[in-house]
């Protein structure tokens with residue numbers, strides 16, 4: 001009888017441990033379904049960049065795989081002057097040659113204090129995604145972009 005009780009207790013502990021491990025694997029799987037990545041400035045290597053006057057700045061992210069949805073949000077904030085120009089959503093297979101994504105892949109920037117824009121592509125078609133900000137006029141505008149990649 002004592003051996004049966006010990007065997008039952010050990011079996012119960014093993015079952016609880018196995019269930020806990022299975023639950024942890026499901027939680028880890030859920031975490032891997034979406035990735036949150038900042039886009040990095042080509043010129044500074046940082047996540048936040050400043051565009052001055054009529055110059056062009058680019059921020060890029062490598063997706064490292066294909067996803068059901070790629071969503072990029074870009075935020076612009078005027079430091080000084082008149083914020084103006086155009087944002088372009090671009091993609092690339094090699095990280096060197098970029099093309100416009102198609103559809104609603106651009107936004108004209110007018111004289112506002114701040115602006116946010118979401119660009120989406122579903123399913124993903126490339127490994128690299130880039131936001132290009134082509135400025136015009138006299139300005140100092142800070143911008144940053146983040147990506148959410150969903151399997």
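The values are calculated or read from the model by the stated rules, or taken from the named source; none is laboratory data. Everything numeric in this text was worked out from a predicted model, so none of it was measured. No Cβ is skipped: glycine too gets one built from the backbone with ideal geometry, and neighbour counts run over all protein chains shown.
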Being surrounded by 13 or more Cβ atoms within 10 Å (Cβ to Cβ), at pLDDT 90 or above and either in contact with a strand residue (DSSP E or B) (Cβ under 8 Å, 6 or more places away or on another chain) or closer than 17 Å to residue 115 by Cβ (or both), is that true of even one residue in the range 11-34? no
Between a residue in the range 51-76 that is over 19 Å from residue 105 (Cβ atoms) and assigned by TED's automatic domain parsing to the domain that holds residue 96 and any residue that is in a loop (DSSP other than H, G, I, E, B) and modelled with pLDDT of 95 or more, which pairs come within a Cβ distance under 7 Å, given they are 6 or more apart or on different chains? none
Looking only at residues in the range 99-120 that are in contact with a strand residue (DSSP E or B) (Cβ under 6 Å, 6 or more places away or on another chain) and outside any strand (DSSP E or B), which one is surrounded by the fewest Cβ atoms within 10 Å (Cβ to Cβ)? 113
Just to verify a result, which residue in the range 50-67, among those that are assigned to a strand (DSSP E or B) and within 16 Å of the chain's Cα centre (by Cα), is farthest from residue 123 (Cα to Cα)? 58
Could you list, in sequence order, all residues of the range 32-49 that are closer than 18 Å to residue 107 by Cβ and assigned to a strand (DSSP E or B)? 49
Sole residue being modelled with pLDDT of 95 or more, assigned by TED's automatic domain parsing to the domain that holds residue 90 and within 14 Å of the chain's Cα centre (by Cα), chosen from 124, 145: 145
Can you work out which of the residues in the range 127-142 that are in a loop (DSSP other than H, G, I, E, B) and over 17 Å from residue 72 (Cβ atoms) is modelled with the lowest pLDDT? 137
